[in-house]
Amino acid sequence: MCRAVRAQLAPARYRHVLGVARMAERLARRYGVSREAMRVAGVLHDIAREWPPERLLAYAREHDLAISELEQASPILLHAKVGAHIAAVEFGVTDHDTLAGIATHTVAQPGMSAAQKIMFVADTIEPSRTYERRGQLEALALRSLDEGLLGCVSASIEYLLSRGVPIAPQTLEVYNTLVRRYGTQA
Ligand SMILES: [Fe+2]
Ligand SMILES: [Fe+2]
């Protein structure tokens, strides 16, 4: 599986993918989720990340994957859903946690399972990412999955704001729910 993934990704992206797989396994152990499921999700989560927008849109249409307005405008977001579909049909993945974790790793989703939270967090904090708060977010995520998720969702929103690009409504909804609960601590 790793070889097939490496063949499809630039070296830096492949390093990121291995970092996510390792971080996801660590979080899985900490939060009682299947390590195998999270390792596989980590390895496969960005399998379609380097596809051009037209290919992502064409794949989603061809396989009847729902395309939101935002995904229509920013097709790169589709790499998560498309990645989950590829994991199922090309790599034979059947584990629900693995597939859901891949599908929501980019914009998150209200009511996520522990596995889905782990994938969103691992994607944000794996060690090959070099932004300033990475270490802090990692420590937070190992202390509390929800507070770690809030930190990662906040970092994602800040990043999108800094680039002046749209923020998915699901991401904001997750942020709003978590910030009401943990706002002053994260
Ligand atoms: Fe991704
Ligand atoms: Fe990623």
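None of the figures in this text is laboratory data; all of them are computed from the coordinates on show. Nothing here was measured: the structure is a model prediction, and the numbers come from that model. When we count neighbours, we look across all protein chains shown, and the Cβ atoms used for this are built from the backbone with ideal geometry, even at glycine.
Mean-square fluctuation check for the chain, GNM, Cα pairs under 10 Å: which of HIS79, HIS96, HIS105 is largest?
HIS96
Using a 7 Å offset from the Cα along the Cα-to-Cβ direction at both ALA66 and ALA10, what is the distance between the two label points in nm, to one decimal?
3.2
For the chain, report the % of Cα-Cα distances exceeding 23 Å.
Values: 6427 of 17205 pairs.
Roughly 37 percent, once rounded to a whole number.
Which residues in region 100-136 place their backbone N less than 12 Å from a point set 7 Å from the Cα of GLU158 along the Cα-to-Cβ direction?
From region 100-136, the list is 131-136.
Could you work out the helix-only [θ] at 222 nm for the chain, with each DSSP H run of four or more residues adding -39,500 (n - 2.57) and the total divided by the number of residues, to the nearest 500 deg cm²/dmol?
Taken over the chain, the calculation gives -20500 deg cm²/dmol.
So for the pair ASN176, GLU54, with labels modelled 7 Å out along Cα→Cβ, what separation do we get in nm?
Taking the simple label geometry, ASN176 and GLU54 are separated by 3.8 nm.
Exposed loop GluC sites (Glu not before Pro) only (DSSP loop, at most 15 other Cβ atoms within 10 Å): please give the longest stretch of the chain free of them, not including the sites. Please list the in-between numbers first.
On the way: sites that count: GLU50, GLU90, GLU132.
The longest such stretch corresponds to 133-186.
Mean-square fluctuation check for the chain, GNM, Cα pairs under 10 Å: which of SER162, SER128, SER74 is largest?
Ranking SER162, SER128, SER74 by mean-square fluctuation puts SER162 first.
Gain in length, THR94 to SER34, computed as 0.36 nm per residue apart minus the alpha-carbon separation, to one decimal in nm?
Values: separation 60, 0.36 × 60 = 21.60 nm, distance 1.35 nm.
Length gained, THR94 through SER34: 20.2 nm.
Taking the Cα centre of the chain as origin, work out the dipole magnitude from +1 charges on Lys and Arg Cβ and -1 charges on Asp and Glu Cβ, in debye rounded to 20. Please report the intermediate quantities before stating the final value.
Details: 22 positive and 20 negative charges, 134 e Å.
It works out to roughly 640 debye.
At 0.36 nm per residue, and after removing the present C-alpha to C-alpha distance, how many nm does the segment from ARG3 to SER144 gain when stretched out fully?
Values: separation 141, 0.36 × 141 = 50.76 nm, distance 3.34 nm.
Gain on stretching ARG3 to SER144: 47.4 nm.
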